Each structure stands twice: as structure tokens, then as C-alpha cells.
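First comes the structure, then the notes that go with it.
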Amino acid sequence: MNKKEVVEYCLSLPNTFEDHPFKEDNISLVMKHSKNKKWFGLIMEVKGKIYLNVKTNPEYSELLRNAYEYIIPAYHMNKEHWNTIILGDNIDESIVKELIDQSYELTKK
């Protein structure tokens with residue numbers, strides 16, 4: 001899954017929008033809820049790779065990190081509640097969508 005596919009999937013969820021809050025950074029973007037303006041996804045480039053930060057249930061976070069080498073503690077965010085997915089060709093698209101959905105639901109309240 002690549003950046004464009006992730007953005008398209010995030011925008012397919014109800015009442016969402018893409019934001020570019022970092023004025024000097026034209027690569028990073030935030031996926032937000034239209035109603036409460038909370039983030040449910042942060043996409044950025046780190047060391048030449050595309051990172052997607054998503055909020056996860058803390059009990060599930062450690063399991064994910066142990067099961068998938070492309071899921072790591074969140075880059076520059078709370079590592080108990082957020083994970084980073086390193087996007088690329090060899091990742092399970094269904095897991096990425098599931099985690100985006102979970103992040104969307106956890107931040108919707």
C-alpha cells in the first residue's frame with residue numbers, strides 16, 4: 001500500500017478531510033475528522049520511507065509490533081496509544097485498513 005492509496009482509503013471514511021498543518025513540509029499530512037478535527041492518521045516521510053501513524057488500542061499495540069516487522073512504536077507520538085506502519089509493497093493491506101478504521105473509531109468520540 002502506498003501513500004496515495006492510504007489517503008484515498010482515509011477519505012472514503014465518513015466526514016474526513018486531509019490537512020497540511022506543517023507549513024514548511026509539503027510531504028506530511030494529517031487525516032482528520034470533519035466534526036471534531038481530531039487526527040486519526042499522520043502520514044510523513046522519515047529516512048526515505050513513508051510512515052503512517054495510527055491510534056490503536058494499547059492492549060493490541062504490542063501484539064501488532066511483535067507480529068509485523070513494519071509496525072513499530074509511533075514515531076514522535078505517544079507510544080502506548082499510537083503505532084507507526086511503514087508503508088511499502090510487502091505489507092498486508094487488510095491490516096492497514098483495519099488499523100486505519102480502528103484509529104478512526106478511537107478518535108471519533
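Points worth noting:
- Pair list, Cβ < 7 Å and 6+ apart or interchain, from segment 1-28 residues that are closer than 15 Å to GLU93 by Cα to residues that are outside any strand (DSSP E or B) and of a type in the set (D, E, K, R): MET1/GLU93; TYR9/LYS97
- Among the residues of segment 50-76, those identified as out of contact with any helix residue (DSSP H, G or I) (no Cβ under 8 Å at 6 or more places or on another chain), outside any loop (DSSP other than H, G, I, E, B) and of a type outside the set (Phe, Trp, Tyr) are ASN53, PRO58, GLU59, SER61, GLU62, LEU63, ARG65, ASN66, ALA67.
- Only residues that are out of contact with any His (no Cβ under 7 Å at 6 or more places or on another chain), farther than 21 Å from LYS79 by Cα and at pLDDT 95 or above were counted in segment 15-34, giving 5.
- Residue list for segment 61-76, restricted to those being small (Gly, Ala, Ser) and over 10 Å from the mean Cα position of the chain (by Cα): SER61, ALA67
- Restricting attention to segment 72-89 and to residues that are without any contact (Cβ under 8 Å) to a residue 24 or more places away in the chain and not acidic (Asp, Glu), the residue that is nearest to CYS10 (Cα to Cα) turns out to be ALA74.
- Residues that are under 12 Å from LYS108 (Cβ atoms), at pLDDT 95 or above, outside any strand (DSSP E or B) and touching a strand residue (DSSP E or B) at 6+ places or on another chain (Cβ under 6 Å) do not occur anywhere in segment 4-14.
- ILE43 vs. criteria touching a Leu at 6+ places or on another chain (Cβ under 7 Å), without any contact (Cβ under 8 Å) to a residue 60 or more places away in the chain and not in a helix (DSSP H, G or I): yes
- Inspection of segment 77-92 identifies no residue that is farther than 21 Å from SER28 by Cα, in a helix (DSSP H, G or I), polar (S, T, N, Q) and more than 11 Å from the chain's Cα centre (by Cα).
- Answer residue from segment 32-60, given it is under 8 Å from the mean Cα position of the chain (by Cα) and of a type outside the set (Ser, Thr, Tyr) and is farthest from LEU106 (Cα to Cα) among those: ILE43
- Among the residues listed as LYS47, LYS38, the single one being basic (Lys, Arg) and in contact with a helix residue (DSSP H, G or I) (Cβ under 9 Å, 6 or more places away or on another chain): LYS38
- Top-ranked residue of segment 81-92 - restricted to ones that are more than 14 Å from LEU42 (Cβ to Cβ) and in contact with a strand residue (DSSP E or B) (Cβ under 9 Å, 6 or more places away or on another chain), ranked as surrounded by the most Cβ atoms within 10 Å (Cβ to Cβ): ILE91
The values are calculated or read from the model by the stated rules, or taken from the named source; none is laboratory data. Just so it is clear, the model here is predicted, and its values are computed rather than measured. Counting neighbours? That spans all protein chains shown, and the Cβs are built from the backbone with ideal geometry, glycine included.
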